[in-house]
Amino acid sequence: MNSKERVRRALNKEPVDRPPVFMWFQPGTRTLLAELLEIPPEFVAEAFGDDVRQAWVSNNHAMEGIVHERDGEGHTDYWGIEWMKEGAFNQIVGFPLVDATKEEVLAYTFPTDRLDELVDLMRPVAEQGDRYFIGCDVSPCVFEMYWRLRGLDRTLLEIASEPELTETMFARCADFAIKLSEAACDQFDLDWLWTGDDIASQNAMLMSPATWRSMIKPHLKRICDVGKGRGLPVAYHCCGALREIIEDLIEIGIDVLNPIQCNCRGMDALELKRDFGNRLAFMGGVDTQGLLPRGSANDVRKATARLVEGMTSDGGGFILAASHTVPPETPIENIFAMYAEIGISREAVFDAAADIRRRML
């Protein structure tokens, strides 16, 4: 069974040889694993048996796809957002619309002249479509895309004080995500469309569920409709405590929810499986705050086994992943312990790395 078959069957709750996996490592973690396996960092996912290949074609490419070597280095992206490397990730240091007048905000134009260039980021990934499950990530889509332009505090304030302006800009953010989605679906043979907006903190949503339903949900549905219209599953990424809108996500066509931050209020993975698992698949759930960096290898094995057993109790609907990117302070033995519980042994990883090295000769 190859990776494409494994993910498709798991999403359909059909028998698989092992649960599929799509793990996200912080850059420092990936470097440590690459050094251990004596392979380039870009081959770590292959060595560890990842089943999904995906590319950012929207603004998340500016955050995660452009890599700077040293803190303080940065760039300005096609949206006019200024980024600077701080720690493991690029962080926003300049919001192009933070001080703009209402008229200037409405005059802002999205980088449609870069549409072909952005969608072309899918090409290296799509070339692996004979074996791997291929995803196109068009996030952030609505709320998070706008606040990256306007600033988070100002966006949250104007949801209440300038709702007409905010809704207009939410619609334009979604329009651009739709253009990206349609172009990617037209050009490449995708296996799912990946959407997302972080709209929650550890304990609550950043706005009321009612506000989300009136101002964001209709636009997210328009983006989902692109994937659904092409017969694709649609995945949605949102960190934090978003349980209050999961029913809404299902209603508008979301098929897969990620990353299941189990330490957040209402986000226990097994409870979500119990309540929504007959209509929704899940990706994530392995705790990166306590368990992976601080637990023992035995703790990791037990927790992963319990998670996998519970999340596949109805035959599938689960992709193993962490609740966030795996941090570099995670003991290597804990990483191997997590993988061992789904049938990917340490020996298998090192054998795969050896095969990679032979190919490179």
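The values are calculated or read from the model by the stated rules, or taken from the named source; none is laboratory data. All of these numbers come straight from a predicted model, not from anything done at the bench. For neighbour counting, all protein chains shown are included, and Cβ atoms are generated from backbone atoms with ideal geometry for every residue, glycine included.
What about residue 322, is it over 17 Å from residue 243 (Cα atoms), under 17 Å from the mean Cα position of the chain (by Cα) and surrounded by 21 or more Cβ atoms within 10 Å (Cβ to Cβ)?
Yes; evaluated as a whole, the condition is true for this residue.
Residues to consider are 301, 346; find the one that is in contact with a Phe, Trp or Tyr (Cβ under 7 Å, 6 or more places away or on another chain), among the basic types (Lys, Arg), in the same structural domain as residue 29 (by TED's automatic domain parsing) and within 19 Å of residue 25 (Cα to Cα). Quick ask: steps written out before the conclusion?
Details: 301 fails: in contact with a Phe, Trp or Tyr (Cβ under 7 Å, 6 or more places away or on another chain).
So the residue among 301, 346 that is in contact with a Phe, Trp or Tyr (Cβ under 7 Å, 6 or more places away or on another chain), among the basic types (Lys, Arg), in the same structural domain as residue 29 (by TED's automatic domain parsing) and within 19 Å of residue 25 (Cα to Cα) is 346.
Restricting attention to segment 127-166, which residues are in contact with a strand residue (DSSP E or B) (Cβ under 8 Å, 6 or more places away or on another chain) and basic (Lys, Arg)?
148, the sole residue that qualifies.
Under 6 Å by Cβ, and 6 or more places apart or on different chains, what pairs join a residue from segment 148-159 that is under 21 Å from residue 60 (Cα atoms) and part of a helix (DSSP H, G or I) with one that is among the aliphatic types (A, V, I, L, M) and at pLDDT 95 or above?
148/81; 149/97; 150/97
Name the residues in segment 35-63 that are assigned to a helix (DSSP H, G or I) and within 23 Å of residue 127 (Cα to Cα), would you?
Hits for segment 35-63 are 41, 42, 43, 44, 45, 46, 47, 60, 61, 62.
For segment 160-198, enumerate the residues that are in contact with an Asp or Glu (Cβ under 7 Å, 6 or more places away or on another chain) and farther than 18 Å from residue 61 by Cα. Before you say what the answer is, go through the steps one by one.
So in segment 160-198, the residues in contact with an Asp or Glu (Cβ under 7 Å, 6 or more places away or on another chain) come out as 165-166, 194, 197-198.
If the condition is that a residue be in contact with an Asp or Glu (Cβ under 7 Å, 6 or more places away or on another chain) and farther than 18 Å from residue 61 by Cα, then 165, 166 are the ones that fit.
Determine whether segment 12-33 contains at least one residue that is over 24 Å from residue 140 (Cα atoms), of a type in the set (Asp, Glu) and surrounded by fewer than 18 Cβ atoms within 10 Å (Cβ to Cβ).
Yes, the conditions are met somewhere in segment 12-33.
Hey, does segment 275-286 have a residue that's part of a loop (DSSP other than H, G, I, E, B), at pLDDT 95 or above and polar (S, T, N, Q)?
Residues of segment 275-286 part of a loop (DSSP other than H, G, I, E, B): 277-280, 284-285.
Keeping just the survivors that are at pLDDT 95 or above gives 277-280, 284-285.
When the remaining residues are screened for being polar (S, T, N, Q), the result is 278.
Yes, that holds for at least one residue.
Write out, first by first residue and then by second, each pair whose Cβ atoms fall under 6 Å of each other, whose residues are 6+ apart or on separate chains, and whose first residue, in segment 91-110, is within 14 Å of residue 171 (Cα to Cα) while the second is at pLDDT 95 or above and not aliphatic (A, V, I, L, M).
Cβ pairs passing all conditions: 110/176.
Quick check: anything in segment 183-197 assigned by TED's automatic domain parsing to the domain that holds residue 108, part of a helix (DSSP H, G or I) and charged (D, E, K, R)?
Filtering segment 183-197 down to residues assigned by TED's automatic domain parsing to the domain that holds residue 108 leaves 183-197.
Restricting the remaining residues to those that are part of a helix (DSSP H, G or I) gives 183-187.
Right, trim to charged (D, E, K, R) and you get 186.
Yes, that holds for at least one residue.
Report whether or not residue 300 is in contact with a strand residue (DSSP E or B) (Cβ under 6 Å, 6 or more places away or on another chain) and crowded, with 21+ Cβ neighbours inside 10 Å.
Numbers: in contact with a strand residue (DSSP E or B) (Cβ under 6 Å, 6 or more places away or on another chain): no; crowded, with 21+ Cβ neighbours inside 10 Å: yes.
Criteria not met by residue 300.
In contact with a Pro (Cβ under 8 Å, 6 or more places away or on another chain) and not acidic (Asp, Glu): which single residue out of 90, 2, 59, 12 fits that description? Write out each step before concluding.
Working: 90 fails: in contact with a Pro (Cβ under 8 Å, 6 or more places away or on another chain); 2 fails: in contact with a Pro (Cβ under 8 Å, 6 or more places away or on another chain); 12 fails: in contact with a Pro (Cβ under 8 Å, 6 or more places away or on another chain).
Residue meeting the stated conditions: 59.
Looking only at segment 290-312, count how many residues are assigned to a loop (DSSP other than H, G, I, E, B) and in contact with a helix residue (DSSP H, G or I) (Cβ under 7 Å, 6 or more places away or on another chain).
Step one: list which residues in segment 290-312 are assigned to a loop (DSSP other than H, G, I, E, B), which gives 290, 295-296, 312.
This time we only want the ones that are in contact with a helix residue (DSSP H, G or I) (Cβ under 7 Å, 6 or more places away or on another chain), so: 295.
Final tally of qualifying residues: 1.
Going by the conditions given, is residue 38 among the acidic types (Asp, Glu), touching a residue at least 12 places away in the same chain (Cβ under 8 Å), out of contact with any helix residue (DSSP H, G or I) (no Cβ under 6 Å at 6 or more places or on another chain) and not assigned by TED's automatic domain parsing to the domain that holds residue 122? Break it down into steps so the answer makes sense when it comes.
Numbers: among the acidic types (Asp, Glu): yes; touching a residue at least 12 places away in the same chain (Cβ under 8 Å): yes; out of contact with any helix residue (DSSP H, G or I) (no Cβ under 6 Å at 6 or more places or on another chain): yes; not assigned by TED's automatic domain parsing to the domain that holds residue 122: yes.
Yes: the conditions hold for residue 38.
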